[in-house]
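Undergrad: One structure follows; several queries about it will come next.
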Amino acid sequence: MTGEMQAAVLYGKEDIRIERVPLPAPGRGEIVIRVQAALTCGTDLKVFRRGYHAKMIAPPALFGHEMAGVVHEAGIGVRGFRPGMRVVALNSAPCGTCDWCIRGQENLCDDLLFNNGAYAEYIRIPARIVAKNTLIVPQSLPLEHAALTEPLACVMRGLEETRAKSGDTVVVIGAGPIGLMFMHVAQLSGMKVIAVVKRDEQIASAMTFGASHIVQISSSTDAVAEVRALTPDRQGVDVAIEAVATPLTWQWAVDMVRRGGTVNFFGGCAAGTKVEIDTNRLHYNDITLKASFHHTPAACRKAFDLLASGRFKCSEYITGRAQLSELESVFRRQSERAADIKTAIIP
């Protein structure tokens, strides 16, 4: 296969260019997918603002990691995939042989293989991702909905790590795309959801995705007191999910849980950030602090199954569509806190 395609290339801080680049050809065990939908996400927005990602991308580089499409070409040795198949390929795959993989912590794999380039007409999928983390999409599931598999896998694993169960009360701090996804998964799992939001438009979104109570923060809000007031005897929530990534909201999360409760610091603060914790409260209240990063092949399949079940509100979650040429303007709108949750980029 020879020729060119259109693709987004990241050159640095807020520098994305839509260029003609060589059409990828599959090597042994690889496939090339014709992208049908690539979704924007908070990580890509951060990469756009910063111009790089320490683990995933160094400019100049193809960009984007949430996508689904149709197999265009399969390389030598590929099994189970052929041209014309509808698929979703995840953005990484673990090695399966390092100490962390053997321990079942594949998200921490010593040789975690990442793949970028979703904002393009075609994308090449490395052999390891083809073998371990590429799934066939049923006709009943729209491809732009299937592209939600990666972020949903991170969220489902994050909630699972807290050992939350049906009937528990969960507070989700933050109503961005990830926060809303946590609310919805918790609600679908039978949990009572309290949402801590900032902007007016986030109230309706939080309610759409399962929040039964809303705490809107302002300069005069005592968010911790308001959340605790929504629990029996102000004892606090069973689980607190932090999805903002600031030291203040990390501290809120700790202060919002009950004795014996669990906190998941899902939002990753900037490098070098320090947070002060009341060690006395932590120890004598038997509080569990947990941070979760990325996903595993098992989590990806659980997320995919939830999307395929029709229970997840995919249509409400994907709130905009744009062409590849509009990618930079989409990111600039999201930087200005536009109401869109996720935009599907249609090459």
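Undergrad: Among VAL21, VAL254, VAL330, which one shows the highest mean-square fluctuation when the chain is modelled as a Gaussian network with alpha-carbon springs under 10 Å?
TA: VAL21
Undergrad: Rounded to the nearest 20 debye, what is the charge dipole size of the chain about its Cα centre when +1 sits on each Lys and Arg Cβ and -1 on each Asp and Glu Cβ? If you can, show how the numbers build up before the last one.
TA: Values: 38 positive and 35 negative charges, 97 e Å.
Charge dipole, the chain, about its Cα centre: 460 debye, nearest 20.
Undergrad: Can you give the longest run of the chain that contains no GluC sites (Glu not before Pro) sitting in a DSSP loop with at most 14 other Cβ atoms inside 10 Å? Could the numbers behind the result be given before it?
TA: Numbers: sites that count: GLU14, GLU276, GLU336.
It works out to 15-275.
Undergrad: Quick one: ASP305, ASP286, fewest Cβ neighbours within 10 Å first, how do they rank?
TA: Fewest to most other Cβ atoms nearby, the residues stand as ASP286, ASP305.
Undergrad: Relative contact order of the range 163-216, please, whole-number percent, based on alpha carbon pairs below 8 angstrom and at least 6 residues apart. Each step should come with its number before you reach the end.
TA: Working: 100 pairs, mean separation 20.0, N = 54.
Across the range 163-216, relative contact order equals 37 percent.
Undergrad: For the range 167-194 and the range 246-261, what is the centre-to-centre distance using only Cα atoms, to the nearest Å?
TA: The range 167-194 and the range 246-261 have Cα centres separated by 15 Å.
Undergrad: Given springs between every Cα pair under 10 Å in a Gaussian network model of the chain, which of ALA223, ALA298, ALA195 has the largest fluctuation?
TA: Per the Cα network of the chain with a 10 Å cutoff, ALA298 tops the list.
Undergrad: Between LEU188, LEU307, LEU39, find the one with the highest GNM mean-square fluctuation for the chain; connect C-alpha pairs within less than 10 Å.
TA: Result: LEU188 has the largest fluctuation of those listed.
Undergrad: Counting only DSSP beta bridges with both residues in the chain, tell me the antiparallel percent, nearest 5.
TA: 55 percent
Undergrad: Using a 7 Å offset from the Cα along the Cα-to-Cβ direction at both LEU113 and GLU326, what is the distance between the two label points in nm, to one decimal?
TA: Output for this residue pair reads 3.5 nm.
Undergrad: So what is the relative contact order of the chain, in percent, for Cα pairs below 8 Å that sit 6 or more residues apart? Intermediate results must be reported in sequence, preceding the final value.
TA: Details: 785 pairs, mean separation 59.5, N = 347.
Relative contact order of the chain: 17 percent.
Undergrad: Same structure again: Using a Förster distance of 51 Å, how high is the FRET efficiency between ASP99 and ARG234, based on the Cβ-Cβ distance and rounded to 0.05?
TA: 0.70
Undergrad: Would you mind computing, in nm to one decimal, how far apart the modelled labels at CYS269 and ARG82 are, each placed 7 Å from Cα along Cα→Cβ?
TA: Each label point is offset 7 Å from its Cα along the Cβ direction, giving 5.4 nm.
Undergrad: When we measure straight from the Cα of LYS274, which lysines land under 22 angstrom away, once same-chain ones fewer than 8 places off are left out?
TA: Those lysines meeting the cut-off are LYS46, LYS55, LYS290.
Undergrad: Next up: Take every Cα pair under 8 Å in the range 195-347 that's 6+ residues apart, average their separations, divide by the length, and report that relative contact order as a whole percent.
TA: This gives 15 percent for the range 195-347.
Every number here is computed from the coordinates shown, using simple stated rules; none is lab data. Note that the coordinates shown come from a computational prediction; the quantities given were computed from them, not determined experimentally. Note that each Cβ is placed from the backbone with ideal geometry, even for glycine, and that neighbours are counted across all protein chains shown.
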